[in-house]
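Here the structure comes first, spelled out in structure tokens, and everything after it is commentary.
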Amino acid sequence: MKDVYESPLNSRYASREMKYIFSPDCKFRTWRKLWIALAESEQELGLPITDEQIAELKAHADDINYEVAEAREKLVRHDVMSHVYAYGVQCPKAKGIIHWGATSCYVGDNTDVILMTEGLKLVRKKLVNLIDKLAKFADQYKGLPCLAFTHFQPAQPTTVGKRAALWLMDVMMDLSTLEFQISQMRLLGSKGTTGTQASFMELFEGDEEKVKALDRKIAEKMGFQSCFPVSGQTYPRKLDSQVMNTLAGIAQSAHKFSNDLRLLQHLKEIEEPFEKNQIGSSAMAYKRNPMRSERIASLSRYVIADAVNPAITASTQWFERTLDDSANKRISIPEAFLAVDAILELYINVVSGLVVYPKMIEKHLRDELPFMATENILMSAVKKGGDRQELHERIRQHSMEAGKVVKVEGKPNDLPERIAADPAFGLTAEEIRAELVPENFVGRAGTQVTEFLEGEVRPALEKYKDLLGLEVEINV
């Protein structure tokens, strides 16, 4: 439909997998799985629920009669009770035991946790594939010297692979945070209207062990280790904030990468992929704008800002619950997942097709290398009998003049020629040029990359090797 608003996250950016996780169909199917888990658990703990009733519930777990639920909701204005009714229409024998003892949050909140957990697992899959791509790039270019920058001013050289390892370190930290967050995901369970489980105490005639067992059984049937031991009517909204902070951390890493790459593309050292028929600018036909990196930055900024939503919600809940979380949650949480999904697909796509220009990298490095080699030149001149203090001052003066030639006159750096022409140094131009070997100035950059890959990255990739091999396709 072209005459109604649709979120670009849905129509342009996110993958079908992630969109399905937060779709109505996935949500309502999960509701039915939870009702089945509740009925089975209640039966196992002695409530009068028959195998026939459970079989009937399972027979209609997936063929949801949406039209019945939608018509009922128009009448009663309650989504959960409308779906209880619709399920009962399909399951007349089980109608009376559907949702027995539960509140709306039993299906609503438990489903939210389940869907967020599935979303985190899909994010993990894409993060692992990104790590694999970054690791290969870092390894390939670990020995290629390049100009490093502090304050975006030329600094001691590094290597292209070492810089990529910085991006990779951020993402590895994100993976660690993500793994921890997945380990912390717990269901609400069956806690009742204020979290006291009073309705279930009534159902089980005061048997606390059975009430506690009900939570354990539901968690196990839904694939979780546990439920929250205490809660109000809802699971603690702190969980939403923790999940969102995990997603925002990934967005931060991606944004940093996109910043660096756009600067490198300006320098003509490394570019993002540019397709044969891609148009960079509607006016300037020659341009190769870093569209994908810019999109990464744009979506990342949205996720980082979106993290404020569940933080405010968690901090402003009243006592055992208020409903001012609901509308916010159903927008902010799914859209953050969809945005991070899109960000990671873009990041994977960009890293998979990075274009490196070694000659431009070498040119920029050699333009600045004479300044960086002055300490080595000074030591060589002292070995030939020169006075270190005097030579230090002369190098400072020559450097200033050479800098003026570069900046004011736009000419090449002539510092080596200036030093060679100064008899105080006693060095020939050839001897000075021999000091200007880029590989001599990168320290342990290449070794650091190798150690990082071997010590931390490859073990993580081995752990998740079954997730590798993801192919991504950018829609627009």
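The values are calculated or read from the model by the stated rules, or taken from the named source; none is laboratory data. Values in this document were obtained by computation on a predicted structure and should not be read as measured data. Cβ placement follows ideal geometry from the backbone for every residue including glycine, while neighbour counts extend to all protein chains displayed.
Things worth noting here:
- Single match in VAL382, VAL303, VAL351, VAL340 (criterion: β-branched (Val, Ile, Thr), under 30 Å from ALA421 (Cβ atoms) and either in a helix (DSSP H, G or I) or over 14 Å from the mean Cα position of the chain (by Cα) (or both)): VAL382
- Some residue of segment 72-81 being surrounded by 17 or more Cβ atoms within 10 Å (Cβ to Cβ), in contact with a Pro (Cβ under 9 Å, 6 or more places away or on another chain) and within 30 Å of THR194 (Cα to Cα): no
- Put simply, of LEU264, LEU247 the only residue that is within 30 Å of PHE152 (Cβ to Cβ) and out of contact with any helix residue (DSSP H, G or I) (no Cβ under 8 Å at 6 or more places or on another chain) is LEU264.
- Qualifying residue in segment 247-269 (condition: surrounded by 20 or more Cβ atoms within 10 Å (Cβ to Cβ), in the same structural domain as PHE149 (by TED's automatic domain parsing) and not in a helix (DSSP H, G or I)): yes
- Criterion: closer than 30 Å to SER241 by Cβ and either assigned by TED's automatic domain parsing to the domain that holds ILE348 or touching a Gly at 6+ places or on another chain (Cβ under 7 Å) (or both) - qualifying residue of THR30, THR117: THR117
- Test: residue in segment 79-95 that is at pLDDT below 95 and not polar (S, T, N, Q): yes
- Test: residue in segment 329-336 that is under 27 Å from LEU134 (Cβ atoms) and surrounded by 14 or more Cβ atoms within 10 Å (Cβ to Cβ): yes
- Condition check for ALA138: on the phi < 0 side of the Ramachandran plot, touching a helix residue (DSSP H, G or I) at 6+ places or on another chain (Cβ under 6 Å) and in contact (Cβ under 8 Å) with a residue 60 or more places away in the chain: yes
- Positions within segment 309-324 being surrounded by fewer than 11 Cβ atoms within 10 Å (Cβ to Cβ) and in a helix (DSSP H, G or I), in sequence order: SER315, LEU323
- Test: residue in segment 215-228 that is modelled with pLDDT of 95 or more, in a helix (DSSP H, G or I) and within 17 Å of THR313 (Cβ to Cβ): no
- Residue count for segment 445-471 satisfying the condition of being of a type outside the set (A, V, I, L, M) and under 16 Å from GLN140 (Cα atoms): 8.
- HIS83 meets the conditions (1) within 19 Å of MET222 (Cα to Cα); (2) part of a helix (DSSP H, G or I) in every case but one. The failed one is (1).
- Residues of segment 395-427 that are surrounded by 11 or more Cβ atoms within 10 Å (Cβ to Cβ) and more than 51 Å from the chain's Cα centre (by Cα): ALA420, ALA421, ASP422, ALA424, PHE425, GLY426, LEU427.
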